[in-house]
Structures are given as structure tokens and as C-alpha cells.
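Below is one structure, written out as C-alpha cells, with a few remarks after it.
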Amino acid sequence: MMFLKLHEGTIGLEDMKHIVHKLLENKAVFKQLSPELYSDLAYIITPTLASDHNEANIRAKFHEVVQNFVIQGDNGQPMRFYRDEQFNRLYFGDEAGWREAQDFEEREMDASLLQKQLPKL
């Protein structure tokens, strides 16, 4: 599982390249890539002067990858992207891990709010 903090309010080109590099660096992910999926990821990070390799097409390809990228985790569960709007980050993992991460974030937020509300002695 991976949490990928986003640098911009929306996913910027830097974010896209960072996320794809993280995927390609992960051995468990890399060994499951089909040639087509590898080509899609390479399209996002490979500089080129091709006329069809512009920001709009890179964004479209990235959106496609985030929506459709699924691999098998070590436990046999599908791993995919989940978007955390509140904390402006992407999570890549299985659904159980995503739910656990959301519960953890809610507890952390509750604890933070409680700290702010406690009177200072």
C-alpha cells in the first residue's frame, strides 16, 4: 500500500510523474504489469516531442490509469487507487487497507480537535 501526497490542489504533472515513478519502483507492482499497462505508464513519464504527447493527453492517460489500474495484492485482494479528497492524496492498496486508513485519519482528526478544545492549565 502507498499513500501519495499531492503537491497541488488538483493532480499536477509533477504529481502524475511522481505517482507513476512510485508504481514502477514497487517490485510487486512492476512484476504484474502487462506490456500495455507499462506502455501507458511510460507515456506519462517519458519526455518526447511527439505531437500527441501534450499535457491534455498525459492527463487523460493518467486519469485512465487511476481509474483502471488494478493488480493482485499479496493476500490475493485487488489493489487499486482510492482518492482521499479531504487530505488531498491518493491511496494505492486494497479496500480493507483503505477503510483502515480512513478510520485512522478520523481518529487522528478527533484527537487533534480534542487537543485544541482542552483548556490550558
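The values are calculated or read from the model by the stated rules, or taken from the named source; none is laboratory data. Not measured: the values here are computed from a predicted model. Note that each Cβ is placed from the backbone with ideal geometry, even for glycine, and that neighbours are counted across all protein chains shown. Just so you know, the surface numbers come from the protein's heavy atoms only, side chains and all, with ligands and any DNA or RNA stripped out. Shrake-Rupley method; radii C 1.70, N 1.55, O 1.52, S 1.80 Å.
Taking the listed residues 80, 89, the one that is open to solvent by 30 Å² or more (accessible area, probe 1.4 Å) and at pLDDT 80 or above is 80, with no other qualifying. Of all residues in segment 8-45, those satisfying the criterion of being exposed (fewer than 13 other Cβ atoms within 10 Å of the Cβ) and assigned to a loop (DSSP other than H, G, I, E, B) are 8, 9, 10, 31, 34. Selection of segment 46-88 for residues being charged (D, E, K, R) and either in a strand (DSSP E or B) or within 15 Å of the chain's Cα centre (by Cα) (or both) yields 59, 61, 64, 80, 83, 84, 85. Listed by first and then second residue, the pairs with beta-carbon distance under 9 Å, at least 6 apart or on different chains, first residue in segment 69-82 and closer than 18 Å to residue 36 by Cβ, second among the charged types (D, E, K, R) and in a strand (DSSP E or B), are 69/80; 70/80; 71/80.
Confirm whether residue 51 is at pLDDT 90 or above and among the small types (Gly, Ala, Ser). So residue 51 fails the test.
Of the residues screened, residue 40 is one that is charged (D, E, K, R), modelled with pLDDT of 90 or more, closer than 17 Å to residue 66 by Cα and touching an Asp or Glu at 6+ places or on another chain (Cβ under 8 Å). Look at (1) of a type outside the set (Gly, Ala, Ser); (2) under 20 Å from residue 10 (Cα atoms); (3) surrounded by fewer than 16 Cβ atoms within 10 Å (Cβ to Cβ) and you find that residue 65 fails only one, number (3). Quick one: count up the residues across segment 43-100 that are closer than 19 Å to residue 3 by Cα, out of contact with any Gly (no Cβ under 8 Å at 6 or more places or on another chain) and of a type in the set (Gly, Ala, Ser). Looking only at that region, the number is 2.
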